[in-house]
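Notes to accompany the following structure.
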Amino acid sequence: MQGFEWHVPADQRHWQRLRKAIPDLKDIGVDNIWIPPGCKGMDPSGIGYDIYDLYDLGEFDQKGTRATRWGPKEDLQRLVWAAKDMDIGIYWDAVLNQKAGADSTENLLVVKMDPEDRNIEISRPLTIDGWVGFDFPGRGEKYSSMKYHWQHFTGVDWDDASQQNAIYKILGQNKDWAKDVSDEHGNYDYLMFADLDHSHPEWNANRRISEYWRGEVGLLLGYLKLMDYGVSLFDVPLLGQFAAISKIAGGDLRNIFKGTLVEQMPSHAVTFVGNHDTQDGHSLETIIAPFFKPLAYSLILLRSQGQPCIFYGDFYGINCGSKPPGTCGEMLPILTRARKLYAHGKQRDYFNRRNCIGFVRYENYKHPFSLACILSNGGASSKRMFVGHRHAGELWTDILGWQNETVLINNCGYGVFSVASMSVSVWVNSQAEGRNRINRPFNEDIYSL
């Protein structure tokens, strides 16, 4: 689970909120939490991508605060210890591309670059005052004696002498944009603030840094090859499919996975329905119609392919807990529990109708129960699916509670499973292990500390 969104309150209590949530997250099957950048930024209320000091986790009085937006170091430690006690992993959002909030300016020899194609110079060499001096006076040399100056950067976006904003490429021996990056804007090495030069000898030569966001699956596959398949990538094409089909009346569900990373290289695909960057009004805004979010989450959580990541905003709401539209927040804990209990065995797809698709997950040696999932982006419908001979005579019900009838599995192992209009239903044996607790209330109120 991504454990934050852009509008979480800047009250220095978020580490406490996540620690409070851990028992419930463990109960519904969350194995890892992706936490926000916890290093000191240049702004006390910043999300953390405006990173100032990698070694200040809310311990030193710098940039007008001791704690970060998320809380002091002690709260972060308590969160990590609590997660470890519950066997939940922590994914640290490491911001290693740029630095911000420098302590001093330095004279830089630069050339101005075309913001639309950063391979094109649009000025002669000139001298500017750039914010690239990082001395960390509040921390001193505790944890690291490393200081940063002009030679550790490849570009900046502000000339303090002229008070002008632009993309300035720093000139000097062996200075250039990185080559193993996206070709967006010609070369996408430069993102924001003071861009770090990872080829500088004072950096660890073995460091692997990777974030790659493109909507074309061929580019993702090419990047994976470039990285020798040592990373996983967000399945941006799948997110685009979710958004597009959700907005088209009668969009073809049979093609929902066509041209996606999870279709072509599932072991390296992180499947998701939204994150902090795709929120409304943000840089990678990708809006999925509210009715379709339960369908999308069913497709990433209950299937065998991909590494699903669920979003804090869809669990707890956006902007201090205002509930997400539709029924997404209500059904997510049920779907995650269903993944934990029943989505383990082989898979059979029934993608044979434009506006109604389904699939079955069969049991395996350790998990003796199956599930059948049916989705519609049109009218109410039903689908006959094979769940296995061993389930003959069983009574199956919809764990989401959106269909009230009971399905009898016939002697051949088939059932006829229904779904409401513009909805999803997940059918499981009514006597399956865990059915009595799959709908157990989930504590959504993590803002009352």
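Tabulated values for the structure
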item: Per residue convex hull volume, Cα atoms of the chain, in Å³; result: 153
item: The range 75-202, accessible surface, carbon-and-sulfur percent (1.4 angstrom probe); result: 49
item: Mean separation of Cα contacts under 8 Å, 6 or more apart, over the residue count of the range 325-449: relative contact order %; result: 23
item: Of all accessible heavy-atom area on the range 372-433, the percent that carbon and sulfur account for (1.4 Å); result: 50
item: Most fluctuating residue given options Q307, Q12, Q77, as computed from a GNM of the chain linking Cα atoms under 10 Å; result: Q77
item: Within-12-Å neighbourhood charge of D103 [Cβ basis; K, R +1; D, E -1]; result: +1
item: The chain: most fluctuating residue of T271, T65, T127 per GNM, C-alpha cutoff 10 Å; result: T127
item: Rounded tilt (10° steps) of 14-28 against the dominant C-alpha axis of the chain; result: 30
item: Solvent exposure of the range 238-346 as accessible area per residue, Å², 1.4 Å probe; result: 35
item: Cleavage-rule hits, trypsin sites (Lys or Arg not before Pro), the range 109-185, DSSP coil, Cβ neighbours within 10 Å at most 16; result: K142, K147, K179
item: The chain - percent relative contact order, Cα under 8 Å, separation 6 or more; result: 12
item: Amide H contacts of D197 (H built 1.01 Å from N, under 5 Å, at least 5 apart or other chain); result: F153, T154
item: Inter-label distance, nm, simple model (7 Å from Cα along the C-beta direction), A94/N352; result: 4.9
item: Built amide H within the under 5 Å cut-off of F369, gap 5+; result: N364
item: Rounded to the nearest 20 debye, dipole of the range 57-166 from Cβ charges on Lys, Arg, Asp, Glu; result: 320
item: Spherically averaged projected area in nm², based on the convex hull that wraps the Cα atoms of the range 132-208; result: 6.6
item: Size of the range 150-303 as Cα extents on the principal axes (Å, biggest first); result: 56, 37, 22
item: Rounded accessible area per residue of the range 45-149, 1.4 Å, Å²; result: 48
item: Listed residues G401, G71, G58, most fluctuating in the chain (Gaussian network, C-alpha, under 10 Å); result: G401
item: FRET E, pair L408, L109, Förster distance 56 Å, beta-carbon r, rounded to 0.05; result: 0.10
item: Inter-label distance for E74 and Q151, nm, one decimal - labels placed 7 Å from Cα along Cα-to-Cβ; result: 4.1
item: Rounded FRET efficiency, nearest 0.05, which uses the C-beta distance separating N436 from K225 and R0 of 60 Å; result: 0.80
item: Selection from I170, V426, I248, by position along the positive dipole direction of the chain (Cβ); result: V426
item: Reduced Cα scattering model of the range 329-414, Debye log10 I(q)/I(0), q = 0.13, 0.18, 0.24 Å⁻¹; result: -0.43, -0.86, -1.45
item: Estimated FRET transfer efficiency when R0 is 56 angstrom, pair A380-Y55 (beta carbons, to 0.05); result: 0.45
item: Full-extension gain in nm, E202 to E285, via 0.36 nm per residue minus C-alpha separation; result: 26.2 nm
item: Selected from I28, Y52, L79, residue furthest toward positive end of dipole (the range 1-93; charges at beta carbon); result: L79
item: Dipole in debye (nearest 20) - the chain, about Cα centre, beta carbon charges: Lys, Arg +1; Asp, Glu -1; result: 2200
item: Proximal charge balance of R440 [Cβ under 12 Å; K/R count +1, D/E count -1]; result: +1
item: Percentage relative contact order, the range 214-309, counting C-alpha pairs under 8 Å, at least six apart; result: 29
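The values are calculated or read from the model by the stated rules, or taken from the named source; none is laboratory data. Predicted model only: the values in this text are computed from it and were never measured. Here Cβ is always computed from backbone atoms with ideal geometry, including for glycine, and neighbour counts include all displayed protein chains. Remember, those area values only see protein heavy atoms, side chains included, never the ligands or the DNA or RNA. Shrake-Rupley method; radii C 1.70, N 1.55, O 1.52, S 1.80 Å.
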